[in-house]
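Below is one structure, written out as structure tokens, with a few remarks after it.
The values are calculated or read from the model by the stated rules, or taken from the named source; none is laboratory data. The structure presented is a predicted model; accordingly, all values stated were derived computationally and were not measured. Ideal geometry is used to build each Cβ from the backbone, glycine not excepted, and the neighbour counts take in all protein chains shown. For the accessible areas, the whole protein counts, side chains as well, though only heavy atoms, and no ligand, DNA or RNA atoms are used. Shrake-Rupley method; radii C 1.70, N 1.55, O 1.52, S 1.80 Å.
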Amino acid sequence: MTGQGDPSVITPGSEARLRAQVATILTGGAVPAHLRDDVAEELYGHLVERMRAHQIGGLSETDAVERAIAELGTADQLGRDFGRTYHSQLWASTVGVLLPAVAPRDQRPAVVGWLRFTLGLVMLIAGIGLAFLLPQATPVRALITLVAEAFGLWAIGLALGALARGQRWALLYAIAVCVGLLAWGVESVLATPSGSITIPLGAILAAGVLLAVYAAWDRLKAFVAGSAPIGRKMGAVLLLSLMIPATVPVLAALPDPTQAGPDDLAVRLSMRCDRGDVVFDGTGNVSDVQRVTLVADMSWQRSDLLPNGVAGLFNSSGFGDSAGFRLLDETPDLALPTWLLANGDVSVVDLATGEQAGWFGSTASSVALLPETIGSFTIGIAPTAVRGGHTIRATWLLTPVSDAGAAWPRIEVAYAHLDRFLLEGTVSCGETTTAHPVPLPTPPSRQMPANPFGIPYP
């Protein structure tokens, strides 16, 4: 080298500085991989030409390198220019604003790694939860959940990449996620039933990361000092991406128009009391005994669309409706009710087709919504039997335990549609009535011991 340096020779340090600037620009502009090498060489060659011109003008090699880089433009602005060149206007105005690289990796504080780990963990857990939830959700609720969670996952994914590149908005976003995790953990601990212990691992991690952020705040500010403002509109979008996923439980509780409601089901009850012959297994025909014939006609105007989500197409275990009755005038401490099913049998048919539409003794989860009764007084309704325009008729035949002038009963009949609504009606001898919607019962709290790790069972 002679004078201020030989312009025809580039030292390894200068070459590394120029190529690092090129890489920063291309990363910020998300140049497609198949074009990246060619664009990189073109940018590098342009910087070298500028550097040599300044060396000829009398600058040292180091000063010439910095002057060439400064004249080319900031990595942030050039990254946006490349984003507009190689991507759509929408991409350039969103991702292109959020992801430009403004800080080299060697200047990254260690706590940035913990912030990114927390974001990645939240993203993983949310993704797994979404994969389990969507197949079981009804169509509109599944769509709402997918859109809301995908919006949040999109923002977290961007923050994960932008934080590594020194973007201020991503630092603030990650801190907000940690604060949210901490608040969720405190709430879950306060809501833990007496006798159980909740260990909010996510909240503990978030608290530790927030303490580390506080301790390294000056270094973090220096790390993101080169990032440009993202604007109010983009800031509002990111704020919504934090808030909307948290409202999914509220949104999921809203009525789904693809699902039937209480107004779509009419349950007509009738009860006939007489004396006559009854055939009992093992004892044959018994003449002139008291009989109660209880009939419930369940008529559907329309049925649900995928009531148990896509998963219900492959597994109906635990799904389905339940119907049952209880005797209202019985003494609670009786070992057996005064009236029992004749032969322990019941008829459940679709009146339009004559096909069996249910079975004796419900095993579906919906049976838990019925007023307290005995299992032999319940029936399960096949999920495929619930169809718009069809009527399912359930017929129970009861006889008294002792035919010594037993008092005719009053009977309450209930129909539970999945876990969504309950209809009840009361009928006596010679009456016909219609069941009406009633509030769902509050499920009793389960008092279960904590597992060996101190975390309550779900």
Output the residue which, of all residues in segment 187-232 that are within 28 Å of E149 (Cβ to Cβ) and charged (D, E, K, R), is most open to solvent (accessible area, probe 1.4 Å). R232
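Return yes or no: is L153 in a helix (DSSP H, G or I), surrounded by fewer than 16 Cβ atoms within 10 Å (Cβ to Cβ), among the aliphatic types (A, V, I, L, M) and within 18 Å of the chain's Cα centre (by Cα)? Write out each step before concluding.
Numbers: in a helix (DSSP H, G or I): yes; surrounded by fewer than 16 Cβ atoms within 10 Å (Cβ to Cβ): no; among the aliphatic types (A, V, I, L, M): yes; within 18 Å of the chain's Cα centre (by Cα): yes.
In short, no.
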Qualifying position, being among the aromatic types (F, W, Y) and either modelled with pLDDT of 90 or more or touching a helix residue (DSSP H, G or I) at 6+ places or on another chain (Cβ under 6 Å) (or both), among F132, F82: F82
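Could you list all residues from segment 24-43 that are closer than 26 Å to L163 by Cα and not aliphatic (A, V, I, L, M)?
So in segment 24-43, the residues closer than 26 Å to L163 by Cα come out as 24-37, 39-40, 43.
Within segment 24-43, T24, T27, G28, G29, P32, H34, R36, D37 qualify.
Residues are listed down the side, and each one gets a yes or a no for (1) of a type in the set (A, V, I, L, M); (2) open to solvent by 60 Å² or more (accessible area, probe 1.4 Å):
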{"site": "L240", "(1), (2)": "yes, yes"}
{"site": "L251", "(1), (2)": "yes, no"}
{"site": "T258", "(1), (2)": "no, no"}
{"site": "D263", "(1), (2)": "no, yes"}
{"site": "R268", "(1), (2)": "no, yes"}
{"site": "R272", "(1), (2)": "no, yes"}
{"site": "T293", "(1), (2)": "no, no"}
{"site": "D297", "(1), (2)": "no, no"}
For segment 318-408, which fully contained strands (runs of 3 or more DSSP E) count at least 1 residues that are of a type in the set (S, T, N, Q)? 321-327, 339-350, 378-381, 391-400
Among the residues that make up segment 331-353, is at least one of them under 29 Å from the mean Cα position of the chain (by Cα), surrounded by 12 or more Cβ atoms within 10 Å (Cβ to Cβ) and either under 15 Å from V413 (Cα atoms) or without any contact (Cβ under 8 Å) to a residue 12 or more places away in the chain (or both)? no
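Return the only residue of L182, L134 being among the aliphatic types (A, V, I, L, M), out of contact with any strand residue (DSSP E or B) (no Cβ under 8 Å at 6 or more places or on another chain) and either open to solvent by less than 20 Å² (accessible area, probe 1.4 Å) or over 30 Å from L418 (Cα atoms) (or both). Spell out how you get there, then give the answer.
On the way: L134 fails: either open to solvent by less than 20 Å² (accessible area, probe 1.4 Å) or over 30 Å from L418 (Cα atoms) (or both).
None of the other options fit; the residue is L182.
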So which pairs qualify, if the first residue must be in segment 264-281 and under 19 Å from V348 (Cβ atoms) and at pLDDT 95 or above, the second must be small (G, A, S) and surrounded by fewer than 16 Cβ atoms within 10 Å (Cβ to Cβ), the Cβ gap must be under 8 Å, and the two must be at least 6 apart or on different chains? M271/S428; M271/G430; R272/G430
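Taking the condition within 18 Å of C273 (Cα to Cα) and assigned to a strand (DSSP E or B), does E424 pass?
Numbers: within 18 Å of C273 (Cα to Cα): no; assigned to a strand (DSSP E or B): yes.
So E424 does not fit the description; no.
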Being open to solvent by less than 50 Å² (accessible area, probe 1.4 Å) and part of a helix (DSSP H, G or I): is that true of G235 here? yes
Could you run through segment 250-273 and say how many residues are among the charged types (D, E, K, R) and either touching a helix residue (DSSP H, G or I) at 6+ places or on another chain (Cβ under 7 Å) or not in a strand (DSSP E or B) (or both)? 3
How many residues of segment 208-259 are closer than 21 Å to A183 by Cα and either among the aromatic types (F, W, Y) or under 25 Å from the mean Cα position of the chain (by Cα) (or both)? The answer is 15
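Looking at I197, I175, I204, can you tell me which residue is more than 19 Å from P109 (Cα to Cα) and assigned to a helix (DSSP H, G or I)?
Working: I197 fails: assigned to a helix (DSSP H, G or I); I175 fails: more than 19 Å from P109 (Cα to Cα).
Just a single option satisfies the conditions, and that option is I204.
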Extreme residue, surrounded by the most Cβ atoms within 10 Å (Cβ to Cβ), among residues of segment 17-60 that are outside any helix (DSSP H, G or I) and touching a residue at least 24 places away in the same chain (Cβ under 8 Å): V31
